[in-house]
Amino acid sequence: MTEFWLISAPGEKTCQQSWDKMMMATTHTTNLSTNNKFNIPDLKVGTLDVLVGLSDELTKLDTFVESVVKKVAQYMADVLEDSRDKIQENLLANGVDLVTYVTRFQWDMAKYPIKQSLKNISEIISKQVSQIDNDLKARASAYNNLKGNLQNLERKNALQPCCDLGSVFGVMRELGACKDSLNQSDKVKFDLRHYRPK
């Protein structure tokens, strides 16, 4: 799995100067990494007091989001069972694989309007992740019930031999063709029924 680091570079006069300095230090001379911009717009932070107060909430939100993401990945692994090698291609963010999503990240202005305060944006994210968590629980429950029902049916079918009606009729037709079929069926305890298709 690919490892990503989110780096906040100290500000130069412009964002582009900070980017160029980091690129020079990590790729041009040392080839340490492949870098991608993670564009986050200027958000309404508010006062320092508001930001400090929000710090604890953001830490809790970060922990919660990470736990839900791990649950989704684990659930996907459980559902795929024998095809665990296909997890990466099935875990998508906004319809694209995770590497593409992270390396080409774009802020969704419609979902997270930057005119809202950082506190409001964090509440929006919290509500959305809570909904994902609840949906996951509901789907996991439905999946587990369905899987349990299927396993019960498989067990019942394993204990009860199944007959193919075509074979039964074929046997009866063949037995009926014999002159002594009634006598033979009594000896082996077959229940012979006379059937004439219309």
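Derivation of every value follows stated rules applied to the coordinates shown; laboratory data play no part. Just so we're clear, the structure is a prediction, and the values are computed from it rather than from any experiment. Every residue, glycine among them, receives a Cβ derived from its backbone with ideal geometry; neighbour counts consider all protein chains shown.
Worth pointing out:
- 3J(HN,Hα) along the range 147-154: 5, x, 4, 5, 5, 5, 5, 5 Hz, from the Karplus curve 6.51 cos²θ - 1.76 cosθ + 1.60 with θ = phi - 60°, whole Hz, x for Gly and Pro.
- In order along the range 11-23, the phi-based Karplus estimate (6.51 cos²θ - 1.76 cosθ + 1.60, θ = phi - 60°) of 3J(HN,Hα) comes to x, 9, 5, 10, 4, 5, 5, 5, 4, 4, 5, 5, 4 Hz; Gly and Pro are listed as x.
- Pairs over the 20 Å Cα-Cα cut-off, from the set 70/137; 44/71; 60/119: 44/71.
- Theoretical gain in end-to-end length, residue 154 to residue 69 [0.36 nm per residue, Cα-Cα removed]: 27.3 nm
- With θ taken as phi - 60° and the Karplus curve 6.51 cos²θ - 1.76 cosθ + 1.60 applied, the whole-hertz 3J(HN,Hα) list for the range 40-47 is 10, x, 5, 9, 6, 7, x, 7 Hz, x standing for glycine and proline.
- Summarising the amide proton neighbourhood of residue 12: residues at separation of 5 or more, or on other chains, whose placed amide H is nearer than 5 Å comprise 18.
- Value of Rg to Rh for the range 94-142 (Rh from inverse mean 1/r over Cα pairs, i.e. Kirkwood): 1.07
- Pair residue 99, residue 39: separation of 7 Å Cα→Cβ label points (nm): 2.3
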